[in-house]
Every structure is written in C-alpha cells, then in structure tokens.
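S.K.: Before I ask anything, let me first share the structure, which is written out below as structure tokens.
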C-alpha cells in the first residue's frame with residue numbers, strides 16, 4: 001500500500017489543485033473550481049457560526065424563563081442566526097459552491113463566461129460577511145432577519161446599519177453569480193448539448209439565476225431605504241415620519257419569498273442528479289421536471305402577500321395571494337412524484353449521496369405539505385408568527401436545502417477533492433442528521449399549533465416539554481453535522497484516490513479526471529446523447 | 001392545563017371550524033407523506049441493485065400519469081382553498097352590534113379601554129357569548145394581538161387602526177400573546193383574556209373606580225384642545241360641524257367622497273391638510289405628537305357619539 005499512496009504523489013497528473021501553490025494562486029485565481037473552493041470554505045465557516053448561535057438558542061430555551069442569556073442577547077442570537085444562515089450560507093451554498101464548480105464542467109466549457117466577475121463575486125461576499133461579523137462583534141443586532149420596520153428603522157439602537165450594509169453588499173455577489181450562470185448556460189454549451197440534453201442541475205441553476213438577477217436588486221433597494229430611514233430619518237416606513245409601516249414588508253417579501261426558491265431549487269437539481277445516478281435511470285418526465293423549476297421561479301414572485309395575511313391587508317388581496325400560493329405547491333408536488341417514479345424498475349444502490357437525496361424527499365415533502373396550512377387563510381390566521389412557521393421553513397430550508405447541499409457535496413466530493421471518503425461514516429451521518437432534524441423540528445409544529453409565538457426569549461411553562469424535546473433533538477442534529485466535517489477533511493489527505501467516475505454516473509463532469517485539470521477538458525467534448533443515458537449500452541455487450 | 005395537549009383550548013365561536021380545517025389538512029399531509037414514503041421504501045427494496053453491472057431499461061415518462069398527478073393535487077388544493085377562504089370571509093367582519101373595546105399596543109404592554117371608561121393593562125375582560133370587536137393601534141412599532149384559544153390574530157400597527165373580533169364561548173382566563181417581534185421584551189408582552197358570565201362582567205364593568213367614559217374623556221379633550229372653537233355644532237364655525245358626521249359620506253374639495261370612519265377622523269386630526277371638506281379652507285393645525293393614542297381613541301369615541309345623537313340632514317350649511 002505504501003507504494004500505492006506514494007505513486008500518485010510522484011506521478012500526480014496536473015490538476016486544478018496542484019497546478020500552482022501559494023496563497024496568491026488562490027486569492028487571485030480565475031479558475032471557477034478554485035473559486036468554488038474559496039466559497040466552500042467561507043460558507044462552511046458561516047454555517048458553523050450560524051449553527052453555534054442556534055445551539056445557544058436551543059440551550060437557552062430548555063427553561064421557560066430562559067436558561068442562558070438575557071432577552072436582549074437572545075434576540076441578537078436569533079437575528080444573527082437568521083441573517084448568517086440565509087444570506088451567508090443557504091443562498092450561496094449550492095449555487096456558489098457546487099454551481100461554480102459544476103456549471104462549466106456540465107456544459108463542457110473551460111470556465112464560466114466571466115471569470116473575473118466570478119472572483120469579484122467572492123470578494124464582494126467576503127466584504128458583506130465582514131460587515132455582518134463586525135455587527136456581531138460590535139454588539140449585535142436585534143431586529144430579526146426580517147428587519148421589520150419601524151422597529152428596525154427607528155426603534156432599534158443596535159448595529160442595524162452594519163448588518164444592512166452586509167446584506168446589501170452580499171446581494172451583489174448573488175447577482176454576479178446569477179448573471180455568470182445565465183450567460184454561460186446560454187452561450188457556452190459545448191457542441192451537441194441542446195437545452196433538453198442538459199442535466200436537470202443546470203435547469204435548476206438557470207431558474208435560480210433568474211431569481212437572483214431579478215429579485216436581489218429589490219432587496220438591495222429595500223435595505224438601502226431602511227438604512228436611509230435609520231440613519232437620516234427620511235420618512236419612508238415609519239408612520240411617525242410620514243411613512244407607510246407595511247411598505248417594507250411588501251418590498252422585503254417580494255425578494256425574500258423568491259429567495260426561498262433560490263435555496264430550494266438548486267437542491268432539487270442536485271437531488272435529480274443523485275437519484276438518476278443511484279437508480280441508473282433517466283429522470284422520469286425529464287422535461288416536466290425541468291419546466292417545473294421554471295414555473296416555481298416565475299410563480300415564486302407572485303406569492304409574497306402570504307406572509308402578510310394578518311397585517312390587515314384587504315381580504316381580497318389575501319384571497320389572491322392564497323390562491324397563488326397553492327398554485328406554487330403543484331410544481332413541487334409534481335417533482336416529488338417524478339423522483340419517486342424514477343426509482344420504478346431502477347437498479348438502486350444506497351451510497352451516502354442517495355441517502356441524503358431520500359432524506360431530502362422525505363423532509364421536503366413534509367415541509368411542502370405543511371406549507372398548505374400557511375397558504376390557507378383561515379388556518380394561517382392562527383399559525384402565522386408561531387413555531388409552526390419556524391418548523392415549516394426549517395423543513396424546507398434545512399431539511400430540504402441543507403440535505404440537498406450535503407448530498408451534492410458527497411456526490412461530487414471525489415470529483416472536487418480527488419479523494420473518497422468512508423462511505424459507512426457518511427451513511428451513518430446521513431441517518432443521524434435525518435433523525436436529529438425530525439426530533440428538533442417536529443415538536444415545533446405542535447408548539448406552534450398550541451400557540452407559542454416565535455422569537456420568545458422566555459415562555460409560559462406549559463410549553464417546556466416540547467421545547468426540551470426540540471433542544472434534545474438539536475444535540476443529535478449538531479453531532480450529525482460535525483461528522484461529515486471530520487471525515488471530509490480527513491479524506492483530503494488520507495482518503496483513497498478517486499477514479500474519474502467512481503459512481504458510474506453520466507454527465508460531462510465525470511468524463512474528465514478527478515480532480516479535473518485547470519482547463520477542465522483536454523478537448524472540448526461533443527454531446528451525442530440525452531442526459532442520464534444510464535440504459536443498456538447498444539453494442540457494448542454488457 | 002393538562003400535561004401535554006396537542007390542541008389549544010377551543011374557547012371562541014370560530015375555534016371549532018378552524019380546527020376542522022386543520023384536521024383535514026393534517027389528514028392530507030399524513031396521507032401523502034405515508035403514500036410517498038411507502039412507495040419509496042417499496043421501490044428501494046424491490047429494485048435494489050442485485051449486480052454491479054445491471055443496466056435497467058430507461059423509461060421516458062408517462063404523460064397520462066403526469067396529468068393524473070397534476071390533477072389530483074390541484075383538486076385537493078382547490079378544496080382547501082375554497083374551504084379556508086369561505087371560513088376566512090365569514091369571520092372577516094365583526095357582526096353588527098358587537099361590543100367594542102379599544103386596544104393600544106406599546107413596547108411592551110397592552111393598554112385596553114372600554115367605552116364605559118374602564119381601563120386595564122395586559123388584561124381584557126370580556127363577557128361570555130357576546131361578539132366583541134377590538135379596534136387596535138400601536139404607539140410605536142408593529143405588534144400583534146394573538147389569542148390562541150380563540151384562533152384569532154391581527155397585527156397592531158402604528159398610525160393605523162386594525163380590528164379583530166371574537167365571541168368567547170368558555171368562561172376562563174386565556175393567553176394573550178404579542179405575535180410580532182417588537183424588541184427586547186417582546187416575550188413579556190403577554191396578557192390575559194378574562195371571559196366572565198355576562199352578569200359578572202357587568203358588575204366588573206360597573207365596579208372599581210367609576211371613571212369617566214371614553215366619550216366623556218373625549219369631550220374634555222375636544223374642549224381643552226380647542227377643537228370646539230371651530231367645529232361648532234351649528235356648522236357656523238371655521239370648521240365643519242361634527243354632528244351626525246360619523247359613518248357618513250363626506251365630500252372633499254377634490255370632488256372625492258370618503259366615509260368618515262375611524263381612520264379618516266384620525267387622519268384629519270393628525271394630518272388635517274390631507275383631505276379638506278368641500279367648502280372649507282385648510283387652516284386646521286396638526287395635533288400630531290400632542291395627543292396620545294388613548295386621547296385619540298377618546299376623541300373618536302366622542303365624535304362617534306355625536307354621530308349617533310343627531311342624525312343631521314346631509315345638506316351642510318356652506319359658509
């Protein structure tokens with residue numbers, strides 16, 4: 001074995017990882033794969049920061065009067081947890097890490113359309129992140145990640161400006177990433193790669209990019225107006241200054257509801273790739289799954305008012321937003337049915353990525369179905385603003401998006417790192433995360449129905465049992481998240497060398513070396529078949 | 001309270017109907033989750049990989065099946081949509097003749113005024129079996145009035161009035177929560193709804209320190225703030241007479257007609273130049289920052305009473 005481990009070091013073919021060394025070769029790189037790794041390290045850092053805030057919150061909530069911190073501190077914890085997890089982890093996670101790495105490889109190109117903008121997007125993200133971390137260190141911010149006015153603009157005396165700048169700035173990195181993907185997918189597909197031969201991951205990246213480019217500017221403007229009112233008392237949102245107290249919510253949710261689809265659509269793309277590979281089947285109803293991504297992206301812009309059913313908006317506005325919200329559930333349901341049907345008469349194996357993908361389907365299904373309770377006017381009146389909402393969106397954003405992200409990391413890890421990780425540990429971690437997740441968030445559905453409002457630093461004693469259950473589950477979930485961190489880092493040095501296509505998957509990224517060379521392909525590939533050609537090879541004899 | 005209930009108490013006239021819809025939604029969720037999970041488990045066992053070089057035949061898709069599983073969820077959400085919207089519409093408007101209570105939210109307490117003059121903080125006494133309409137506003141940030149046992153919730157906004165109604169069906173004390181994050185002690189902005197038998201409630205309402213009613217308090221503010229100087233009852237003052245105005249259409253200089261409701265009166269006091277009554281000049285000063293939310297409520301209560309006392313002929317004396 002000693003020769004086997006030495007050999008690749010001596011004869012290691014040039015790849016994007018060993019092409020150059022030194023910090024400059026990383027910080028000034030224009031290689032989409034290296035930029036993806038810069039993002040991987042940064043989003044992992046922010047995930048750990050946001051996650052540790054969640055741990056503190058769950059410890060605090062084990063006692064009705066609050067076990068750990070003052071209410072002001074608790075309010076800062078949930079605010080920073082939300083801001084960091086949404087703007088600095090979930091939104092960039094799959095697009096900026098896996099998308100950056102895979103979009104050029106999947107379209108058969110040598111890089112994205114605008115490599116310098118790609119690097120710039122990372123620097124912008126880091127600047128935004130620095131402002132946000134500064135706000136945390138300089139005393140924190142207590143507005144909630146939703147920044148509702150007039151509390152945020154004229155009442156809170158915490159670091160609202162720093163966080164506003166952080167979120168404002170980092171939005172531009174999303175816009176640049178989205179722009180890069182749209183142009184790359186339109187203009188740089190290799191010969192033969194027609195739209196309907198593209199892997200579904202590319203379709204979902206395309207739909208996500210549309211939302212990023214169209215939606216993020218609205219968030220930027222809104223946050224800018226908020227900062228304007230906060231700093232200079234320009235009356236926009238505060239009635240005391242002549243503003244409109246609900247205007248902010250309209251503008252904020254016009255972006256932030258579609259932002260949920262920025263988080264979930266990429267995960268759906270990842271899951272399509274994984275299910276096809278581990279059942280060796282073409283995705284059932286490929287074009288319907290592809291179009292459902294676009295339908296979700298478009299409809300997602302028309303449902304923001306369902307966050308405002310109890311604000312006193314007109315009952316007719318409520319009616320329309322309720323109807324549209326129900327409609328957006330249908331393409332999601334169609335996807336779940338098609339993934340399930342893909343398994344039919346497949347050849348299914350259960351490596352870690354597949355376990356994550358199955359976990360995704362289970363949790364996303366629960367998250368989607370509980371969304372019906374909130375789209376429905378009469379039940380939303382009771383559930384709005386309670387733990388039911390918290391549970392629902394964690395099923396979508398953590399159960400869905402994070403499971404998809406981890407599934408994708410495990411699926412493409414051999415390609416990214418050139419190494420394999422221990423599959424047994426990966427499987428164990430997937431199961432622990434699935435169980436821990438349900439233990440943490442399922443009790444919160446019941447808490448919400450019983451009437452416990454969210455963002456409470458202390459609460460009536462009758463809610464304690466369910467809170468303790470949730471906190472206990474969070475411990476399991478936390479352990480589940482740490483295991484992959486350990487074995488993935490371990491695998492970078494000690495993992496077995498990965499062959500170019502360890503899973504026997506289709507897709508151009510698997511036709512090049514693991515890890516790929518800087519230029520991705522020795523020769524630009526030519527595509528002659530549809531995506532997911534897992535069927536019997538004609539004339540191949542097997 | 002019981003050790004671990006799975007349902008909040010049903011203590012209002014609408015609670016049961018909301019719970020029925022909730023139960024239906026739960027059944028839909030359980031049914032579809034169970035269906036998808038069991039199909040996935042079945043497939044994963046039935047079609048597990050038996051040899052490493054298995055190459056299953058590809059299946060393109062199946063159009064009738066796609067139509068089927070698009071139609072079924074669409075029909076189910078259509079049922080939910082119609083059901084929940086009907087319920088919501090039915091409960092949107094307070095029934096005529098509801099008892100009125102005024103609520104002002106502020107960081108971090110609920111201030112409550114009864115028209116008869118009783119004031120309370122973080123407690124709302126209401127009678128059993130009678131519809132109660134709350135008119136609510138906030139002194140500072142957005143709050144939300146939430147009574148889980150009644151299945152009602154409505155945001156409480158600064159600069160606006162929102163309203164909410166319920167009919168309590170159980171005697172007892174129920175949680176009142178603020179359900180919109182409002183700052184440091186948001187979690188402490190909780191109170192109780194105390195439902196009493198009607199005669200007991202009447203005794204409570206009459207008892208304690210018999211302060212002045214909201215209408216009387218409003219009349220005092222109306223005098224002391226100088227409103228009465230211009231708004232004379234005979235319509236001969238610099239401002240229009242307020243007799244019989246409440247709830248009636250008012251013609252503006254722009255030619256528009258608006259209804260003189262709470263929101264209009266509030267706006268006319270705080271932003272008097274926003275809407276000028278036909279035939280008058282915009283000379284009224286603003287009272288922004290000079291009246292508290294409670295004083296505003298009192299003045300509005302007084303103007304309401306003026307509206308009821310003397311249904312005036314619509315033909316206004318033009319100066």
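Values in this text are rule-based calculations from the coordinates and carry no lab data. Quick caveat: nothing in here was measured; it's all calculated off a predicted structure. Positions of Cβ are backbone-derived with ideal geometry, glycine not excepted, and every protein chain shown enters the neighbour counts.
S.K.: In Å³ and rounded to a whole number, note down the convex hull volume per residue for the Cα atoms of the protein assembly as shown.
M.R.: Dividing the Cα hull volume of the protein assembly as shown by its residue count gives 174 Å³.
S.K.: What whole-number distance in Å separates the alpha-carbon centres of region B:78-141 and region A:71-114?
M.R.: Here the two parts' Cα centres lie 42 Å apart.
S.K.: If the viscosity is 0.692 mPa s and the temperature 37 °C, what translational diffusion coefficient in µm²/s does Stokes-Einstein give for region A:168-245 when Rh comes from Kirkwood over Cα pairs?
M.R.: 221 µm²/s
S.K.: Next up: If R₀ is 45 angstrom, what is the calculated FRET efficiency for the pair residue A:528 and residue A:12, using the beta carbon separation as r and rounding to 0.05?
M.R.: The computed FRET efficiency comes out at 0.90.
S.K.: Any idea how far apart residue B:86 and residue A:214 come out in nm if each label point goes 7 Å out from Cα toward Cβ?
M.R.: Result for the modelled spin labels: 3.5 nm.
S.K.: A further question on this structure: Pop the C-beta distance of residue A:345 and residue A:137 into the FRET formula with R0 = 56 Å and round what comes out to the nearest 0.05.
M.R.: Efficiency at R0 = 56 Å is approximately 0.50.
S.K.: If you don't mind, another one. Ratio of alpha-carbon Rg to the 2.2 N^0.38 Å globular estimate for region A:1-132, to two decimals, please. Can you show the working numbers first?
M.R.: Values: Rg = 19.9 Å, N = 132, 2.2 N^0.38 = 14.1 Å.
For region A:1-132, the normalised Cα radius of gyration comes out at 1.41.
S.K.: If you average 1/r over every pair of different alpha-carbon atoms in region B:99-206 and take one over that average, what Kirkwood value in Å do you get?
M.R.: It works out to 13.7 Å.
S.K.: Now a separate question. Simple spin-label model, 7 Å along Cα-to-Cβ: residue A:123 to residue A:110 in nm?
M.R.: In this crude label model, residue A:123 to residue A:110 measures out at 2.3 nm.
S.K.: While we're here: Using only Cα atoms and rounding to the nearest 10 degrees, what angle (0 to 90) does helix A:286-299 make with the longest principal axis of chain A?
M.R.: 30 degrees
S.K.: While we're here: Between region B:228-300 and region A:307-355, how far is it from one alpha carbon centroid to the other, in angstrom?
M.R.: First find each Cα centre; the distance between them is then 50 Å.
S.K.: How many percent of the alpha carbon pairs in region A:74-179 exceed a separation of 17 Å?
M.R.: 54 percent
S.K.: Taking the Cα atoms of region A:173-303 alone, what are Rg (to one decimal) and Dmax (as a whole number) in Å?
M.R.: For region A:173-303, the Cα radius of gyration and maximum Cα-Cα distance read 18.8, 62 Å.
S.K.: Please report the relative contact order for region B:99-206, taking Cα pairs under 8 Å with a sequence separation of at least 6, and give it as a percent rounded to a whole number.
M.R.: Averaging sequence separation for qualifying contacts and normalising by length gives 30 percent for region B:99-206.
S.K.: For region A:285-422, what Kirkwood radius comes out of the mean inverse Cα-Cα distance, in Å?
M.R.: 16.7 Å
S.K.: Also: Roughly how tilted is helix A:423-450, in degrees to the nearest 10 and between 0 and 90, from the longest Cα axis of chain A?
M.R.: With both axes taken from Cα atoms, the answer is about 20 degrees.
S.K.: Okay, next question. Starting from the Kirkwood radius over alpha-carbon pairs of region B:214-309, derive D by Stokes-Einstein at 25 °C in a medium of 0.890 mPa s and give it in µm² s⁻¹.
M.R.: Reported coefficient: 185 µm²/s.
S.K.: To test your reading of the geometry: what angle, between 0 and 90 degrees and rounded to tens, separates the Cα axis of helix A:315-343 from the longest principal axis of chain A?
M.R.: 30 degrees
S.K.: OK, next. If I histogram all Cα-Cα distances within chain B using bins 10 Å wide from 0, what percent of pairs lands in each bin?
M.R.: Result, from short to long distances: 5, 20, 24, 19, 13, 8, 6, 3, 2, 0 percent.
S.K.: Taking the Cα centre of each part, how many Å lie between region A:365-397 and region A:121-177?
M.R.: Here the two parts' Cα centres lie 26 Å apart.
S.K.: If you don't mind, there's one more thing I want to ask. What share of Cα pairs, in percent, lie more than 18 angstrom apart in region A:274-349?
M.R.: Tail of the P(r) past 18 Å holds 52 percent of the pairs.
S.K.: Taking only DSSP H segments of four or more residues, each worth -39500 (n - 2.57), what value at 222 nm results for chain A once the sum is divided by all its residues, to the nearest 500 deg cm²/dmol?
M.R.: -21500 deg cm²/dmol, from helical runs alone.
S.K.: Under 8 Å for C-alpha pairs, at least 6 residues apart: give me the relative contact order for chain B, rounded to a whole percent.
M.R.: 15 percent
S.K.: Could I ask something else about it? Taking the radius of gyration and the Kirkwood hydrodynamic radius from Cα positions alone, what is the Rg/Rh ratio for region A:21-510, to two decimal places?
M.R.: Radius of gyration relative to Kirkwood radius: 0.95.
S.K.: Still on this structure: Taking every pair of distinct Cα atoms and averaging 1/r, then inverting, what Kirkwood hydrodynamic radius in Å comes out for region A:390-438?
M.R.: 11.7 Å
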